[in-house]
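Undergrad: The structure is given below, and queries will be raised subsequently.
The values are calculated or read from the model by the stated rules, or taken from the named source; none is laboratory data. Everything numeric here is computed off the predicted structure, so don't read it as measured data. Cβ placement follows ideal geometry from the backbone for every residue including glycine, while neighbour counts extend to all protein chains displayed.
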Amino acid sequence: MATPQEILEDLKSVNYPGYTRDIVSFGIVRDIEIGSDTVTVTLAPGGASEQAVAEIRANVESRVQALTGAKVEITVDAPPPPRHREPPRRNDIPGVKSIVAVASGKGGVGKSTVAVNLALALQAKGKKVGLLDADVYGPSVPLLLGIAESTAGSDGDRIQPMKAHGLTAISMGMFIHRGQPVIWRGPMINKLLTQFFREVDWGELDYLILDLPPGTGDAQLTIAQQAPLAGGVIVTTPQDVALLDVQRGIEMFNQVGAPVLGVVENMSFHVCPECGNRSEIFGHGGGKSMADKSEIAFLGDIPLARTIRETSDDGNPIVASAPDGEHAKAFAQLATRVEEELGKQAHEELPMIH
Ligand SMILES: Nc1ncnc2c1ncn2[C@@H]1O[C@H](COP(=O)(O)OP(=O)(O)OP(=O)(O)O)[C@@H](O)[C@H]1O
Ligand SMILES: [Mg+2]
């Protein structure tokens with residue numbers, strides 16, 4: 001009997017219907033199991049058409065049969081939920097190239113901190129970046145960027161965003177006074193966010209970063225639906241390494257047809273400011289293993305550091321206040337990984353055969 005490796009090698013001679021590339025390099029062969037008299041091959045043909053799947057099945061079956069002489073069973077993994085990317089339409093924001101949403105299953109994990117510093121790190125790489133604080137209940141972007149509240153202006157029929165540390169930003173916090181309760185109902189939030197997307201004078205941006213409210217439920221989904229997302233980033237912490245939370249985040253992005261760029265682990269480890277020793281208070285690496293389990297990319301980890309919190313509270317985030325420091329480097333790496341993953345999205349889609 002041949003080994004699974006030999007079978008896999010042999011299957012490299014089966015091309016994807018209509019393509020010169022083989023099914024193995026497309027990642028369609030997921031598993032090969034050798035039983036006593038059967039070989040089971042699991043295929044994951046992704047978004048392939050029924051006809052293409054039937055053709056791949058038949059070809060795999062006859063190759064494996066010829067090689068092993070055994071009975072061949074083929075199982076086909078269900079395709080992932082359809083990525084119905086809405087047609088390029090009303091939702092496109094003129095001048096804005098890519099919209100990236102930052103989400104988390106739970107509150108307080110550092111979404112806003114990551115969103116702001118990621119935006120600054122992308123800017124440090126020469127990109128034009130905007131920040132949309134979609135957390136209308138608990139807007140924190142004005143505080144983080146040191147923008148005074150109720151300072152938004154309008155210019156005719158366009159809303160003028162704020163400029164802070166080079167970023168173009170808008171937040172509900174710019175329209176309200178501190179302490180003033182805001183009671184929003186669903187339709188009002190939708191209307192407000194639509195205005196944030198369409199009526200704000202964003203200018204030319206390479207990236208618009210969305211700081212989503214905590215959670216991955218209907219409210220977040222509604223916001224994510226407002227604009228065509230180029231991708232989603234999921235923030236987690238070592239204490240929060242609940243696989244389910246990350247999977248809910250993945251599901252949410254799937255539902256709006258946005259690729260998940262990956263997971264970032266925030267407050268991941270602590271570096272002693274005096275001695276430089278690294279301690280992993282909560283146990284570190286959960287984000288990475290979770291990303292592996294969910295088959296999404298790991299985008300890096302951000303240390304737990306008092307200066308990150310203090311600079312944020314001062315409206316002068318760490319990437320802006322200490323651009324050459326260790327912590328800014330962690331965000332620079334995150335920015336690089338985010339750009340890499342965005343770049344991959346453009347190439348990684350499986351071919352669709354019609
Ligand atoms: N890496 C870090 N090191 C130290 N403190 C941090 C770090 N990341 C975030 N914090 C602090 O943790 C608190 C929560 O962070 P942040 O507001 O960014 O979280 P969030 O997920 O946006 O919260 P919310 O769910 O309320 O929107 C803040 O005080 C912030 O300064
Ligand atoms: Mg927040």
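Undergrad: Identify all residues within segment 207-235 that are part of a loop (DSSP other than H, G, I, E, B), in contact with a Phe, Trp or Tyr (Cβ under 9 Å, 6 or more places away or on another chain) and closer than 23 Å to Glu339 by Cβ; write none if there are none.
TA: Ala227, Leu229, Ala230
Undergrad: Search segment 17-40 for residues being over 16 Å from Gly69 (Cβ atoms) and of a type in the set (S, T, N, Q), and hand back the single one that is modelled with the highest pLDDT.
TA: Among them, the one singled out is Ser25.
Undergrad: Further question: Is there any pair linking a residue in segment 28-43 that is assigned to a strand (DSSP E or B) to one that is β-branched (Val, Ile, Thr) and surrounded by fewer than 15 Cβ atoms within 10 Å (Cβ to Cβ), with Cβ under 7 Å and at least six apart or on different chains, and which?
TA: Thr40/Thr75; Thr42/Thr75
Undergrad: A further question follows. Of the residues Ala103, Ala115, Ala134, Ala119, which single one is more than 16 Å from Ser171 (Cα to Cα), in contact (Cβ under 8 Å) with a residue 24 or more places away in the chain and within 16 Å of ligand 1 (Cβ to nearest atom)?
TA: It is Ala103.
Undergrad: Within segment 4-16, does at least one residue satisfy the condition of being at pLDDT below 85 and either assigned to a loop (DSSP other than H, G, I, E, B) or of a type outside the set (Val, Ile, Thr) (or both)?
TA: yes
Undergrad: Please list, ordered by residue number, the helices (runs of 4 or more DSSP H) wholly in segment 286-330 having 2 or more residues that are more than 21 Å from Gly27 (Cβ to Cβ) and within 16 Å of ligand 2 (Cβ to nearest atom).
TA: 306-313
Undergrad: Kindly provide the set of residues from segment 236-250 that are under 25 Å from Ala169 (Cβ atoms) and not in a helix (DSSP H, G or I), ordered by number.
TA: Residues satisfying the conditions are Thr236, Thr237.
Undergrad: Within segment 109-127, how many residues turn out to be in a loop (DSSP other than H, G, I, E, B) and in contact with a helix residue (DSSP H, G or I) (Cβ under 9 Å, 6 or more places away or on another chain)?
TA: Total meeting the criteria: 4.
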